[in-house]
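Worksheet for the structure shown next.
The numbers here are math on the coordinates, done by the rules we state, and not lab data. Computed from a predicted structure; not experimentally measured. Cβ coordinates were reconstructed from backbone atoms using ideal geometry, including for glycine residues, and neighbour counts include every protein chain displayed.
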Amino acid sequence: MAPRSSSRRPKAPPSGTALDAGLRLLGRRAHSRVELLLKLTRRGFEGPAIRQALKRLEELGYLDDRAFASSFVRRRGSVRGPRALSAELAARGVDRSEVDTALAVFGPDEQLAAATHIAERLYAAKPALSRQEMLDRIGTKLVRRGFSMALARAACMSVLAGAASPTDS
């Protein structure tokens, strides 16, 4: 009886170089060093080739965790709080010091503005009837998005105060 063939086939060697593959990946979107390392490894490149490619990409300025983290915070700061941003960047392999540096720009005023904007959108979709309902429904969503309890409360109160005052037409 012939040996059964495995459903796993040997992976074909990757075409091109690790540097070329890294450039293609970075051409689509920015990556952290760890993300790019994992993607190149999954594509079948060997360790020395990957290390050499990552080093060259850093020399060329295409791979920079500090710039990646700053860009990520600017882009996602309108929909996520600092806790969620920190967790997402850590999951992408960005060093803690780089995360802290990027989040330093996302100060309390920017956080409150982002949380208030989200709360306004959620309130407009389904206006809350009471202060407690606002905190229960919208405040908890803000906390799940990475904002602190105090910030979520302040954003909810700001939206309620704006809803209670007559608008100028």
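What Rg and what Dmax come out for the stretch 17-63 when only alpha-carbon atoms are used, in angstroms?
9.1, 24
Taking 8 Å as the Cα distance limit and 6 or more residues as the minimum spacing, I'd like the relative contact order of the stretch 28-87 as a percentage.
Rounded, it is 36 percent for the stretch 28-87.
Diagonalise the Cα gyration tensor of the stretch 80-165 and give the resulting equivalent ellipsoid semi-axes, square root of 5 times each eigenvalue, largest first, whole Å.
Output for the stretch 80-165: semi-axes of 28, 12, 9 Å.
Let's see if you can work this out: charge +1 on each Lys and Arg Cβ, -1 on each Asp and Glu Cβ, no other charges. What is the dipole magnitude of the chain about its Cα centre, in debye to the nearest 20?
1040 debye
What is the Rg over Rh value, at two decimals, for the stretch 65-106, using alpha-carbon atoms and the Kirkwood definition of Rh?
With Rg and the Kirkwood Rh in hand, the quotient comes to 0.89.
What percent does the relative contact order of the stretch 108-164 come to when contacts are Cα pairs within less than 8 Å and at least six residues apart?
47 percent
Over the Cα atoms of the chain, Rg to Rh with Kirkwood Rh, two decimal places?
1.20
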